[in-house]
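The values are calculated or read from the model by the stated rules, or taken from the named source; none is laboratory data. Just so you know, these numbers come straight off a predicted model, no measurement behind them. We place every Cβ from the backbone using ideal geometry, glycine too, and count neighbours over all the protein chains shown. The protein model used for the area step is the full one, side chains on, heavy atoms only, and it has no ligands, DNA or RNA in it. Shrake-Rupley method; radii C 1.70, N 1.55, O 1.52, S 1.80 Å.
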Amino acid sequence: MAVEHKAYARVGFLGNPSDVYLGRTMSFSLANFWASVQLRPSDQLLIQPNPTHDLVSFHSIHHLVHRLDTEGYYGGVRLLMAICKVFYKHCQDKNIELNKPNFTLSYDTNIPRQTGLSGSSAIVCAALNCLLDFYNVRHLIKVEIRPNLILNAEKELGIVAGLQDRVVQVYGGLVYMDFSKENMDKLGHGIYIPMDVNLLPPLFLIYAENPSDSGKVHSTVRQRWLDGDEFIISSMNEVAGLAEKGKTVLLEKNYKELVNIMNRNFDLRRQMFGDKALGALNIKMVEVARSVGAAAKFTGSGGAVVAFCPEGPTQVSLLESACKEAGFTLQKISVVPSFLSEEESKSLITY
């Protein structure tokens, strides 16, 4: 029988990008966009290209070059191959038997490219869920470990990222994450705490349909952090602290303070990375939101912005008009509830 799973886009809500700097973050699953993967038994193991996202046939050389300029060289086939390899090797290392016939993997996605919504890891996450169920080994691979497998598959392909996106795509819903060195060294993963999605106020997503300036200048922040740069370390620690403050603010439903935390998160990121690395288009999305008094910050590394209008519907109307005038798409955010089973929830380490 065929197995099919969806994995959703995600919004890095607070604390990003401190997940790759042993920090703390809070993220949620975005119901507006998703990737789906289907696995069905077959005689040969086949990774099936997507007719839209893995093009090898073009109308002309102009079409080919335009496609590469806007979409890049790679679709989802390599992602599916990588997770198969990582999953297989993990099972070998843990003496987990995989006694099943061959299969065909296929995928589709509607997550906009270059919007910082974690489209690649969504494909990998959906594929991992298919493999877990096809081989009936979900109970043998802890939920806390699954994000590591997704990240390892992407590392196979040279994709540089942190665990935050993969955690929330595995867990679903709203998740607070602590990636402190102590946790990572002791457990091999962070402490991940699911939260009630109803604590979130109405939020909005802003993105450009055809992003042309996504911040292509290489950032030196990572190396400066490794070198012990005091400004980077203190700033990144403050960013991580915003996730912890945000957790308290949401539990208290102190949405007035949430505005300050969201804005501070972006301002610190801008100070550390600089405008050239962030990209003019990305900065403009934040500025358009702030021009009507909304709080705004990146959802990820750039390409999309999460906005909060504390003054309600009137302010939302102003935001709609400002985005339309600037040529940006605005959508009301819908959050996916947690995916965790009762058994998985009980097994979580939450101290």
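Give the carbon-plus-sulfur fraction of the accessible surface of the chain in %, rounded to a whole number; probe 1.4 Å, heavy atoms of protein chains only.
Numbers: 8370 of 16520 Å².
About 51 percent, which is the carbon plus sulfur part of the accessible surface.
Post the alpha-carbon centroid distance, the range 19-43 to the range 228-246, in whole angstrom.
About 26 Å separates the Cα centre of the range 19-43 from the one of the range 228-246.
With springs connecting C-alpha atoms under 10 Å apart, model the chain as a Gaussian network and identify which of LEU46, LEU105, LEU258 has the largest mean-square fluctuation.
LEU46
For the chain, build the convex hull from the C-alpha positions and give me its volume per residue in Å³.
Hull volume over Cα atoms, normalised by residue count, gives 144 Å³.
Out of the chymotrypsin sites (Phe, Trp or Tyr not before Pro) in the range 72-159, which ones are loop residues according to DSSP with at most 16 other C-beta atoms within 10 Å?
Of the chymotrypsin sites (Phe, Trp or Tyr not before Pro), the ones in loops of the range 72-159 whose Cβ has at most 16 other Cβ atoms within 10 Å are TYR73, TYR74.
Considering the dipole of the range 268-341 built from charges on the beta carbon (Lys and Arg +1, Asp and Glu -1) around the Cα centre, which of PHE273, SER321, PRO337 is farthest to its positive end?
PHE273
List every residue whose amide H lies under 5 Å from the amide H of ILE111, counting only residues 5 or more places away in sequence or on a different chain, with H placed 1.01 Å from N in the peptide plane.
TRP34
Using 0.36 nm per residue, how much length does the chain from ASN136 to SER219 gain when fully extended, once their Cα-Cα distance is taken away? Intermediate results must be reported in sequence, preceding the final value.
On the way: separation 83, 0.36 × 83 = 29.88 nm, distance 4.24 nm.
So the extension gain works out to 25.6 nm.
At a Cα cut-off below 12 Å, give the aspartates and glutamates reachable from LYS100, other chains included and same-chain residues fewer than 8 away excluded.
Cross-link targets: ASP43, ASP133.
Quick one: if the Förster radius is 35 Å, what FRET efficiency do TYR88 and ASN237 give, using the C-beta to C-beta distance and rounding to 0.05?
Details: r = 38 Å, r/R0 = 1.10.
After rounding, the FRET efficiency stands at 0.35.
What FRET efficiency would be calculated for the residue pair SER321, ARG290, taking the C-beta separation as r and a Förster radius of 22 Å, to the nearest 0.05?
Efficiency, from the Cβ-Cβ distance: 0.90.
If you place +1 on the Cβ of every Lys and Arg, -1 on the Cβ of every Asp and Glu, and leave all else neutral, what size is the dipole of the chain about its Cα centre, to the nearest 20 Debye?
120
When 1/r is averaged over all different Cα pairs and the result inverted, which Kirkwood radius in Å belongs to the range 24-117? Numbers along the way, then the final one.
On the way: mean 1/r = 0.0625 Å⁻¹.
Final number for the Kirkwood radius of the range 24-117 is 16.0 Å.
Give me the lysines in straight-line cross-link reach of LYS245: C-alpha distance below 26 Å, same-chain residues under 8 apart excluded.
Leaving aside lysines fewer than 8 places away in the same chain, those within reach of LYS245 are LYS181, LYS186, LYS253, LYS256, LYS297, LYS332, LYS346.
Pull up the cross-link candidates among the aspartates and glutamates for LYS247, meaning alpha carbon to alpha carbon under 15 Å and not fewer than 8 places away within one chain.
ASP178, ASP196, GLU238, GLU257
ALA31's amide H: which non-local residues (gap 5+, or another chain) put their own amide H closer than 5 Å, with H modeled 1.01 Å from N in plane and none for Pro or chain starts?
SER334, VAL335, VAL336
List every residue whose amide H lies under 5 Å from the amide H of LYS297, counting only residues 5 or more places away in sequence or on a different chain, with H placed 1.01 Å from N in the peptide plane.
Long-range HN contacts for LYS297: VAL306.
Could you compute the longest span of the chain free of GluC sites (Glu not before Pro) located in DSSP loops and having at most 14 other Cβ atoms within 10 Å, not counting the site residues?
On the way: sites that count: GLU97, GLU209, GLU311.
In the chain, the maximal stretch lacking such sites is 98-208.
FRET efficiency for ASP229 and VAL160, Cβ-Cβ distance as r, R0 = 22 Å, nearest 0.05?
Details: r = 19 Å, r/R0 = 0.86.
E(calc), rounded to 0.05, equals 0.70.
Per residue and in Å³, how big is the convex hull formed by the alpha-carbon atoms of the range 101-260?
Each residue corresponds to 175 Å³ of Cα convex hull volume.
Enumerate by residue number the trypsin sites (Lys or Arg not before Pro) in the range 88-165 meeting two conditions: DSSP loop (anything except H, G, I, E, B), and at most 11 other Cβ atoms within 10 Å of the site's Cβ.
For trypsin sites (Lys or Arg not before Pro) across the range 88-165 that sit outside H, G, I, E and B with at most 11 neighbouring Cβ atoms in 10 Å, the list reads LYS94.
Counting only C-alpha contacts under 8 Å and six or more residues apart, can you give the relative contact order of the chain as a whole percent?
Dividing the mean separation by the residue count of the chain yields 24 percent.
Per residue, how large is the accessible surface of the chain? Use a 1.4 angstrom probe and give square angstrom. Write down the numbers at each step before the final one.
Working: 16520 Å² over 351 residues.
It amounts to 47 Å² per residue over the chain.
Let me make sure I get this right: for the range 13-67, a, b and c are the square roots of the gyration tensor eigenvalues over alpha carbons, sorted descending. Under 1.5 in a/c it's rounded, otherwise prolate if a/b > b/c, else oblate. Which is it? Write out the running numbers ahead of the final one.
Working: a/c = 2.80, a/b = 1.57, b/c = 1.78.
In terms of gyration-tensor shape, oblate.
For every helix of n ≥ 4 consecutive DSSP H residues, a contribution of -39,500 (n - 2.57) applies; sum these over the chain, divide by its total residues, and give [θ] at 222 nm rounded to the nearest 500 deg cm²/dmol.
Numbers: 13 runs with 153 residues, N = 351.
Mean residue ellipticity, 222 nm, calculated: -13500 deg cm²/dmol.
Go through SER118, GLY75, TYR107 and say which Cα lies farthest out towards the positive end of the charge dipole of the range 1-126; charges sit on Cβ, +1 for Lys and Arg, -1 for Asp and Glu.
The residue sitting most towards the positive pole is SER118.
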